[in-house]
Amino acid sequence: MDSSSGLVIVGGGLAGARAAEGARDAAYDGSITIIAGEDAMPYIRPPLSKEFLIGKDDRASIDVHPEAWYAEQRVEVRRGLRASSIDPAAHTLTLGDDEVLRYDRLLLATGASPRRFRGPGADLTGVHLLRTVDDSIALRDAIAPGGRRVVIVGAGWIGLEVAAAARGYGNDVTVLGLETVPLNAAIGDTAGSVFAELHRAHGVTLRMSTSVAGMVGAEGRVTGVEIDGGEVVPAEVVVVGIGAIPETGLAEAAGLEVDNGVTTDAAFLTSAVDVYAVGDVASVLHPVLRRPIRIEHWANADVAGKAAGRSMAGQKVEYDEIPYFYTDQYDLGMEYSGYGTLTAGIDPVFRGDRDAREFVAFWVNAGKVVAGMNVNVWDVNETVQRLIRDEVVVEPARLADPAVPLEAFVGTSG
Ligand SMILES: Cc1cc2nc3c(=O)[nH]c(=O)nc-3n(C[C@H](O)[C@H](O)[C@H](O)COP(=O)(O)OP(=O)(O)OC[C@H]3O[C@@H](n4cnc5c(N)ncnc54)[C@H](O)[C@@H]3O)c2cc1C
């Protein structure tokens, strides 16, 4: 058995890389090893459906750190190697088939994998998933020539971002979604309809309340998507963006508590001694909500990743950040902060010009702001976060009135 110990991080994504950084920030001096399943240094994924996909960002710009950083910080990244099992009692993990590595503390930062379409034709050439840089390159090669019929299965963030990129390259784009309005699960119908109008205005065909029966093809290549009722929507390129599934296999096999993600306390400690989890894979106790939440967003991998590293290094951590994410589609930029779980069934209050797509939307629950989304309005998200954090009691009519400065609400907590 290899006698290496120290901190071992399984998963070389953003959360894993930030955890290494957080541990060094907290003056951890022992060895740090990242087991990176992909044969790549840690990189960030949001550009894979945006700037990188449209050819604006190059490969180097999506790296979390320059390669030299890892050597300077004495962080060993073992690329293209997967952890296959954990033995929490022995404080060991197995890499590949037989290498056994000891750890003092272990972090599961294994992220999530795209949900696959389970029906017929899913493996036809021309059917794409989008998670890795290689997926993004393959998709870019397929859509960059333009003039193709691109059908996107799924009207969530990734589906809509890919739709924008594919339109930008001059393709004919159709989005198929199960729900009546895109993004319903993320931001509800009212805010989702802003994105529906945006895409229609850019020539995307949205076919909502539509379920996919299968992909059809000829000679191994996709030629269309069959929807319920038998109609085939023709396509040369199909993108499946129907959500992601947390990579909990290692944790489950090791007997850790898993419930829609690896369950942790607010310091990222799982149910096993010295085993932590963070990022897309983790369901972390939120001190404000008083229940675990799993967040599949970049800012969480970024900020919580670092906090998990500090926690593993022995610092006291109680992670209570307000969830945050963003999107860019065409000329629309958006930031969202808040507790999506508290917004169900609530119609947002709009402040600004909804039709011009320049506004801040607030979700007000029991008189308090629980989430806010700024669209093409900048430098307000920090204030939105303060309103949420301070549990400010607001009058919706005043909140909607641009004549009342947002700052006027800060400090009026209930
Ligand atoms: C195309 C795309 C666009 C996105 N856009 C946005 C956006 O605009 N805004 C936003 O907020 N979020 C966005 N996200 C989400 C964001 O990228 C994720 O929340 C973030 O990547 C999560 O980081 P992570 O480190 O937890 O997991 P991941 O990035 O998934 O990294 C986990 C890594 O662990 C590896 N791994 C898994 N199992 C093992 C194993 N057994 N052994 C070794 N390695 C293993 C995986 O191969 C992977 O490399 C986007 C995601 C995608 C895919």
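Ligands, DNA and RNA are left out, and with a 1.4 angstrom probe the accessible area of the chain is 42 Å² per residue. Taking amide hydrogens as placed 1.01 Å from N in the peptide plane, the amide H of Met215 sits under 5 Å from those of Gly121, Ala122, Glu226, each at least 5 positions away in sequence or on another chain. Take the Cβ atoms of Ile245 and Ala138, set R0 to 22 Å, and the FRET efficiency comes out at 0.60. Taking amide H positions as modeled 1.01 Å from N, with prolines and chain starts lacking one, the residues under 5 Å from Ser31 and 5 or more places away or on another chain are Leu7.
Residue by residue, the range 141-147 carries 3J(HN,Hα) couplings of 4, 6, 9, 4, x, x, x Hz when phi is fed to the Karplus relation 6.51 cos²θ - 1.76 cosθ + 1.60 (θ = phi - 60°); x denotes Gly or Pro. Amide H contacts of Phe52 (H built 1.01 Å from N, in plane; Pro and chain starts excluded): Asp57 sit under 5 Å, all sequence-distant by 5 or more or on other chains. For Arg149, the shell of other residues with beta-carbons less than 10 Å away shows a net charge of -1, using +1 for Lys and Arg and -1 for Asp and Glu. Between Asp97 and Tyr330, the modelled labels are 5.4 nm apart [label points 7 Å from Cα along Cα→Cβ].
Only beta bridges with both residues in the range 116-242 are counted; by DSSP, about 40 percent of them are antiparallel. For the chain, the antiparallel share of DSSP beta bridges with both residues in that region comes to about 60%. For the pair the range 240-317 / the range 371-403, the C-alpha centres are spaced 29 Å from each other. Phi angles across the range 64-73 convert, under the Karplus curve 6.51 cos²θ - 1.76 cosθ + 1.60 with θ = phi - 60°, into 3J(HN,Hα) values of 5, 9, x, 4, 4, 4, 5, 5, 4, 8 Hz, Gly and Pro given as x.
Each peptide in 255-261, 337-343 receives the mean, over its residues, of other Cβ atoms within 10 Å, and ordering these scores from highest gives 337-343, 255-261. Summing Lys, Arg as +1 and Asp, Glu as -1, what charge do residues with Cβ under 10 Å from the Cβ of Met41 carry, Met41 excluded? Result for the local shell: -3. Karplus-derived 3J(HN,Hα) values for the range 196-203, using 6.51 cos²θ - 1.76 cosθ + 1.60 with θ = phi - 60°, are 4, 5, 4, 5, 4, 4, 9, x Hz; glycine and proline are entered as x. Within the accessible area of the chain, the carbon and sulfur atoms contribute 47%, probe 1.4 Å, all protein chains present. If you take all other residues with their beta carbon under 11 Å from the beta carbon of Pro287, and give Lys and Arg +1 and Asp and Glu -1, the sum is -2.
Which Cα, out of Ala60, Tyr324, Val393, lies furthest along the positive dipole direction of the chain (beta carbon charges, K/R +1, D/E -1)? Comparing the listed Cα positions along the dipole, Val393 ranks first.
Let me make sure I get this right: for the chain, a, b and c are the square roots of the gyration tensor eigenvalues over alpha carbons, sorted descending. Under 1.5 in a/c it's rounded, otherwise prolate if a/b > b/c, else oblate. Which is it? Note, shape of the chain comes out oblate. Straight-line cross-link partners of Lys316 among the lysines, defined as a Cα under 24 Å from its Cα and at least 8 positions apart when in the same chain: Lys306. Length gained on full extension, Lys56 to Ser31, computed as 0.36 nm times the residue gap minus the Cα-Cα distance: 5.3 nm.
The values are calculated or read from the model by the stated rules, or taken from the named source; none is laboratory data. As the structure is a prediction and not an experimental result, all values here were calculated from the model. No Cβ is skipped: glycine too gets one built from the backbone with ideal geometry, and neighbour counts run over all protein chains shown. Side chains are part of the model used for accessible areas, which takes the heavy atoms of the whole protein and leaves out ligands, DNA and RNA. Shrake-Rupley method; radii C 1.70, N 1.55, O 1.52, S 1.80 Å.
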